[in-house]
Amino acid sequence: MRRSIATVCLSGTLDDKLTAAAAAGFDGIELFENDLVVSPMAPAEVRKRCADLGLSIDLYQPFRDLDSTSDGHFRKSLDRAERKFDVMAALGVNTVLVCSSVAPDAVADDSRTAAQLTELAERADHHGMRIAYEALAWGRHVSTWDRSWRIVQQAGHPALGLCLDSFHVLSREVSPAGIAGITPGKIFFLQLADAPHLSMDVLQWSRHHRLFPGQGAFDLSGFVRLVLAAGYDGPLSLEVFNDVFRQSDPARTAIDAMRSLIALEDDLGTRRLPDAPELTGHAFTEFAVDGRSGPELRTALRGLGFAHTGQHRTKPVELWEQGAARIVLNSAVTHPGPAAISAFAVTSADPSRSLARAEALLAPAHPNVREPGEAELAAITAPDGTSVFVTHPGDDWRSDFLPTGVPAGEGAGLLAVDHLGLAQPFDHFDEAGLFYHSVLNLDHLATEEYAAPFGLMRSRAIANPSRAVRLALTVALLRRGDWAPAVADPQHVAFSTTDIIATAAALTVPALPVPDNYYEDLAARFALDADFVATLAAHGILYDRDPSGHELLHLYTPVFGGRVFFEIVERRPGYDRFGEPNAPVRMAAQRHHRLNP
């Protein structure tokens, strides 16, 4: 199927939008009227520019408030339409989107609306054009797809059909199941948008919170299957109103948009991607450190029971190990600053297929910089700039490190990396969720919002089916002003253990102090044994229990190197979350510790 994108999805001038859409590989566009009105290009010039870029103009939109109880108003709308048909002819587009009316004089009687649409369709047909009628979810009288279809059926004109927009359909209470029964050929156009489930005015929901497919909560695959069952063979077109997208780099947004369609088509089975191989675990996590943050992290790792087991042959890079947990400290930084997770590696049953899938999803791999004889590791770049290496469990990348003579040993009982906590840039949080889901096959487990000391935070838990690879993506929901925490966008690595109390006792790095108030509240909320709570408090261990009774015990360290901290988790059988209710406790405790060392 052809792929199209509405110009309203992208930021910039019309030419910026066309250039970005073409570069991302789209076949066509929906031209939003406002973009044409403010463009210095005449319609014929826009047509030529699109042709030069390999883009078709698939839809001109929107034509608003056609139907009216006032004959005078309706006649003026027909005159307005005639002018638009002339513009469309110059553009080379033959389909116009006509929205259901929101005006006070909108027609409530379906027969009269059908008659007025028939008159418009007759005029359009005279110009060799078509009318795609769309029920706006907030239309004054016509606000559901089934009512718009009844009106189109009643009109019975060959130049009149439906435009189905996934948001307008799925945001309303009417089941979409009947879409499969629409007469073949009467769905003239399909618009796709995802969205989170929100309880708010549907107009504001639509205008500000739409997302690309796979970034929200709608069942878009099920919706599109219904449309295809009705014989639709037009383009899959994106129409997404989103405040972030409309102020972001249009080239990047267009790639994100295209990735969403590629992933959707794979889910539909209309175009197949290379299968996502099983991920079997975290191979290593790399921190970029400088002369100030490096010593802090080394001290922290020793205190956690890690051993410095290897030194890279040609680079200022150290390998630290404990159990199957491996940390790499990379001192080859070009811009000194706080420590940061600059890369991580996952093990794949078939790395070449993982990388082929990534490339098909517009995330091509780049090789690591290496000397002759050193291991070749390919990485893809995540939306926040983190390098994600993909390696085979049997790849001996550790051969690049000269042994220091210090064995890894059992340390403090840490077994492996449980998950990574990656703070995301405000503008790219949803992009990151789609990236990790589509490229690495990490499923969305849950999204939580919580009030933290510095404002509202959102956390999205994602993991592969076996839970061998887990990530927690976090973002502050509002752009911060002049007053903000000293630790911007903190990151962390969480390690697993089977006995957190024994591990806590073995640590020589101090756990983050947790206030007594927390434990008093904990005992009240969960009716825990007093001795058990006392043991938790003695070691700074936090506790969570999910609605099914599954438990998590975890502790944190203070912040090291200006930005990073560590977590130790004991997941008791069945617990599949990340202890999100304790995040505000951790954030407040880390600030208190930083101000009162």
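The values are calculated or read from the model by the stated rules, or taken from the named source; none is laboratory data. Bear in mind the structure is a predicted one, so any value in this text is a computation, not a measurement. Cβ: placed from backbone, ideal geometry, glycine included. Neighbour counts: every protein chain shown. Protein only, heavy atoms only, side chains kept; ligands, DNA and RNA dropped before computing areas. Shrake-Rupley method; radii C 1.70, N 1.55, O 1.52, S 1.80 Å.
Remarks
- When only the Cβ of Lys, Arg, Asp and Glu is charged (+1, +1, -1, -1), the dipole of the chain relative to its Cα centre reaches about 560 debye.
- Our summary gives the stretch 1-135 a relative contact order of 22 percent, counting only alpha carbon pairs under 8 angstrom and 6 or more residues apart.
- Dimensions of the stretch 139-218 from C-alpha coordinates, computed as largest minus smallest value along each principal axis and given longest first, are 36, 27, 20 Å.
- Residue-normalised accessible area of the chain, expressed per residue, 1.4 Å probe, Å²: 40
- Rounded to the nearest 20 debye, the dipole magnitude of the stretch 217-270 is 60 debye, with +1 charges on Lys and Arg beta carbons, -1 on Asp and Glu beta carbons, and the Cα centre as origin.
- Nearest 10 degrees, 0 to 90: helix 43-53 Cα axis against the chain principal axis: 40
- Between amide H atoms placed 1.01 Å from N, distances below 5 Å from F63 occur with L97, V98, C99, all of them 5 or more places distant or on a separate chain.
- Whole-number percent relative contact order across the chain, with pairs defined as alpha carbons under 8 Å at least 6 apart: 10
- Partner lysines for K48 [C-alpha distance under 16 Å; skip if fewer than 8 residues away on the same chain]: K17
- Convex hull of Cα atoms in the stretch 68-119, direction-averaged projection (nm²): 3.8
- Expected-Rg normalisation [2.2 N^0.38 Å, Cα atoms] applied to the stretch 177-230: 1.28
- Across the stretch 97-111, rounded Karplus estimates of 3J(HN,Hα) from the backbone phi angles (6.51 cos²θ - 1.76 cosθ + 1.60, θ = phi - 60°) give 8, 10, 7, 4, 6, 10, 6, x, 9, 4, 7, 8, 7, 5, 5 Hz, Gly and Pro being marked x.
- Take every Cα pair under 8 Å whose residues are at least 6 apart in sequence, average their separation, divide by the length of the stretch 293-388, and the relative contact order is 18 percent.
- Geometric extent, Cα atoms of the stretch 502-574 - Rg, Dmax (angstrom): 12.9, 38
- Cα long-axis angle, helix 250-268 against the chain (0 to 90 degrees, to the nearest 10): 90
- When shorter helices are ignored and each DSSP H run of at least 4 residues is given -39500 (n - 2.57), the per-residue value for the chain at 222 nm works out to -9500 deg cm²/dmol.
- Residue (of S143, T118, T381) at the positive-pole extreme of the chain, dipole from beta-carbon charges: T118
- Degrees, to the nearest 10: 220-229 long Cα axis against longest axis of the chain: 30
- With every protein chain in place, the chain: carbon and sulfur % of accessible area (1.4 Å): 52
- Dipole of the chain computed with +1 at Lys/Arg Cβ and -1 at Asp/Glu Cβ about the Cα centre; of L440, A276, L261, farthest Cα towards the positive end is L261.
- About its Cα centre, the stretch 324-479 has a charge dipole of approximately 220 debye under the convention of +1 per Lys or Arg Cβ and -1 per Asp or Glu Cβ, with nothing else charged.
- For the chain, the longest piece that avoids every one of the GluC sites (Glu not before Pro) found in DSSP loops with at most 10 other C-beta atoms within 10 Å covers 377-597.
- Fraction of the pair-distance distribution of the stretch 263-355 above 14 Å, Cα-Cα pairs, percent: 71
- Annotation: extensible slack from S331 through E371 equals 12.7 nm (criterion: 0.36 nm per residue apart, minus Cα-Cα distance).
- Percentage of interatomic Cα-Cα distances in the stretch 1-102 larger than 15 Å: 62
- Dipole of the chain, positive direction: furthest Cα of S342, G579, S354, with charges on the beta-carbon: S342
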